[in-house]
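Q: Got a structure for you, written out below as structure tokens; questions coming shortly.
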Amino acid sequence: MSIVRIKPEARWSDAVIHNHTLYYTGVPENLDADAYEQTANTLAQIDTVLLEQGSDKSKILDATIFLPEGSDFAAMNKAWDEWVVAGHAPVRCTVQAKLMNPRYKVEIKIIAAV
């Protein structure tokens, strides 16, 4: 059994790969942006991680999106719809949740095939 931890730190790893499956959670870097821009930024990070590990967004199996404000659902969906690959949308769940950094408008957790 092989577990690969990508850029491990004391508290977390950037991503983990096990059985040709990648696990990753992204948060926005542009903390002064609105929910649309923060979502687009986080999705771009997901693209980068997947590419670095030999995968891409068409291979995402599952996505969980956390939003602190339900009113940002439409803005998040706009960014998501522009990004997701038609015909390859993963299983997706969106949850309204208080995020630990009050400036985060979104957090996205994915599981993808590698």
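The values are calculated or read from the model by the stated rules, or taken from the named source; none is laboratory data. Quantities reported herein were computed from a predicted structural model and do not represent experimental measurements. Note: ideal-geometry Cβ built from the backbone for every residue, glycine included; neighbour counts use all protein chains shown.
Q: Pairs only if they're at least six apart or on different chains, beta carbon under 9 angstrom, first in the stretch 1-17 and touching a residue at least 60 places away in the same chain (Cβ under 8 Å), second surrounded by 15 or more Cβ atoms within 10 Å (Cβ to Cβ) and of a type outside the set (Gly, Ala, Ser); list them, first residue then second.
A: Note: pairs meeting the criteria are ILE17/ILE6; ILE17/TYR23; ILE17/GLN53; ILE17/VAL114.
Q: Exactly one condition in (1) without any contact (Cβ under 8 Å) to a residue 24 or more places away in the chain; (2) among the small types (Gly, Ala, Ser); (3) assigned to a strand (DSSP E or B) is not met by ALA63; state its number.
A: (1)
Q: Suppose we keep only residues that are in a strand (DSSP E or B) and either modelled with pLDDT under 95 or not aliphatic (A, V, I, L, M) (or both) within the stretch 66-114. Which one would you say is nearest to TYR23 (Cα to Cα)?
A: Checked the stretch 66-114; the qualifying residue nearest to TYR23 (Cα to Cα) is LYS109.
Q: Within the stretch 21-43, work out how many residues are part of a loop (DSSP other than H, G, I, E, B) and touching a strand residue (DSSP E or B) at 6+ places or on another chain (Cβ under 6 Å). Spell out the reasoning first.
A: First pass over the stretch 21-43, keeping only residues part of a loop (DSSP other than H, G, I, E, B): 27-34.
Now drop any that are not touching a strand residue (DSSP E or B) at 6+ places or on another chain (Cβ under 6 Å), which leaves 27.
Here the count works out to 1.
Q: Mind telling me which of the residues SER58, SER2 ends up being among the polar types (S, T, N, Q) and over 19 Å from VAL85 (Cα atoms)? It would help to see each step written out before you state the result.
A: Numbers: SER58 fails: over 19 Å from VAL85 (Cα atoms).
Result of the check over SER58, SER2: SER2.
Q: Moving on to the next point. Output the number of the condition that MET1 fails; it satisfies all remaining conditions of (1) surrounded by fewer than 13 Cβ atoms within 10 Å (Cβ to Cβ); (2) modelled with pLDDT of 95 or more; (3) not in a helix (DSSP H, G or I).
A: If we test MET1 against (1) surrounded by fewer than 13 Cβ atoms within 10 Å (Cβ to Cβ); (2) modelled with pLDDT of 95 or more; (3) not in a helix (DSSP H, G or I), just (2) comes out false.
Q: Taking the conditions exactly as written (over 17 Å from ALA112 (Cβ atoms), of a type in the set (Ser, Thr, Tyr) and surrounded by 19 or more Cβ atoms within 10 Å (Cβ to Cβ)), does TYR24 satisfy them or not? Step through it out loud before you land on a result.
A: Numbers: over 17 Å from ALA112 (Cβ atoms): no; of a type in the set (Ser, Thr, Tyr): yes; surrounded by 19 or more Cβ atoms within 10 Å (Cβ to Cβ): yes.
No, not satisfied.
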